[in-house]
Structures are given as structure tokens and as C-alpha cells.
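The values are calculated or read from the model by the stated rules, or taken from the named source; none is laboratory data. Values in this document were obtained by computation on a predicted structure and should not be read as measured data. Cβ placement follows ideal geometry from the backbone for every residue including glycine, while neighbour counts extend to all protein chains displayed. Ligands, DNA and RNA are excluded from the accessible area calculation, which covers all protein heavy atoms including side chains. Shrake-Rupley method; radii C 1.70, N 1.55, O 1.52, S 1.80 Å.
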Amino acid sequence: KSFNDITQAKKLYPDTTLVAAGKAQAVIVTPAGEPWEPLAREIAEAVKQATGTELQVTLVDDITDEQMQQTSAVLLGSIIDNIRLLYPYSHSLVFTDANFPGPDGFDLRTVHDPWGSGKNLICIGATTAEGARAGVDAFKAHIAQGNDLVIPQLLEVKLTGPALASYGKAFREAPDDKWSSDQRDRCESHLRTAGTRGLFSMAA
């Protein structure tokens, strides 16, 4: 479909429903072995304790990208040990690899509708057991009691080591309204003077 044929904005899904009316709406996808399998089961148990509903824990080799398009998912690990992260990683939607977020760091984030099917991913990225533990603890803080479990849009990152040295200066605090306004003005000016070339990099 040509962009010229687009007549309305895409529907957004900022929140990720894990449980609705007591029924599971997501799966947990984990690498095999330590530290991830026990942590995945811990998440499933925490959800069950909060909602009465158990999310299925699935190993990375037991689910395909095509199957994942039909459900929201909580993904653990990095592209080193979880191939289901390769698609969002290759599209710059997640970043966890051998270097990011660094030793003992974690990267907890919502990936918004990567398949265009209205289903989200929640990625708990880390490369060490310590980082994995911290990432899972950060995620569990968002699990609330009730018949439904809806996780708000997440972006919680702890950078360490080389990742901190490379990327840690981008934001020292949450961007304020002035920062957002300045970026919009910069993009508008760029559109007038240079067209769309480079605009998406600026937006990112």
C-alpha cells in the first residue's frame, strides 16, 4: 500500500494485556536453562498469585514468529540466547545483545505491535544472571492484583559497563515539554528545508 493511500493514523496499543477476565492473553518465551527458565516460572507464578490465571511458559524453540503474531508475549534474554528477539532486534525495536545493556544491566521495554496484529511484546533483556534478576524484579513490580492484568507501556533501562559509557549520556533525566517542543520545531524546520531525508532518524 502506498503511503499516499493512508487516510488515518494507525491504532496504537500502548498497554499490554496479559490477563483479561481471568483468561491468559500472553505467553512467556524463555531460553532454556539458567537463569531464564526459573525466572520465567517465577513470573508465571507471580501472575497466577495476582490474577488466578497462569501464563504458559514456552521455550524459544517451541514457538515460531508466526505463532507469536497471534498473542502478546513476555520475552526474556537477548539475541544471543533467544532467537525470538531477532525480528524486533533487526528492526531496532530491542537492543539487548552481548554489549547492551552491559554486565549486570537490564533493559525492560514494551515493543509496540511489531507484527501489525495488535499484539505487543514485553522484553526483559539482559546478558547476565544478575541483570536478569534485576530485570525480572523490575517487571514484577508492575503485576497488580485483579481479574485483569494490563501492563502499561514500559521503558526501564539500567546500563552498565561499555553500554553506560556509550549511551549513558543521552538522557540524565526525563525529557520535559521544552525538549519535546524543540524536537518538533527542529523536525518541522528540517521538513521545510530538506524534505523527508533523514527525518525518521531524527524522530527515532
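For the chain, relative contact order (Cα pairs under 8 Å, six or more residues apart, normalised by length) works out to 22 percent.
Pair-distance distribution P(r) for segment 164-204, from all Cα-Cα distances in 10 Å bins starting at 0: 25, 42, 29, 4 percent. Rounded to the nearest 10 degrees, what's the angle between the helix 36-51 long axis and the longest principal axis of the chain, both from Cα atoms, 0 to 90? Once rounded, the angle reads 90 degrees.
Relative to the longest principal axis of the Cα atoms of the chain, the long axis of helix 129-140 lies at roughly 80 degrees. Per atom type, the chain shows carbon and sulfur on 51% of its accessible surface, probed at 1.4 Å. Average accessible surface for segment 1-132: 48 Å² per residue, computed with a 1.4 Å probe over protein heavy atoms with every protein chain in place. Extents of the chain, largest first, come to 55, 42, 31 Å (Cα atoms, principal axes, whole angstrom).
Within the shell defined by Cβ-Cβ distances under 15 Å, the residues around E34 carry a net charge of -2, with Lys and Arg each +1 and Asp and Glu each -1. Just so you know, the Cα atoms of segment 75-119 work out to an Rg and Dmax of 10.7, 34 Å.
Seen against the Cα atoms of the chain and their longest principal axis, helix 177-194 is set at about 50 degrees. In the elastic network of the chain, a GNM with C-alpha springs shorter than 10 Å, the most mobile of K11, K48, K140 is K11.
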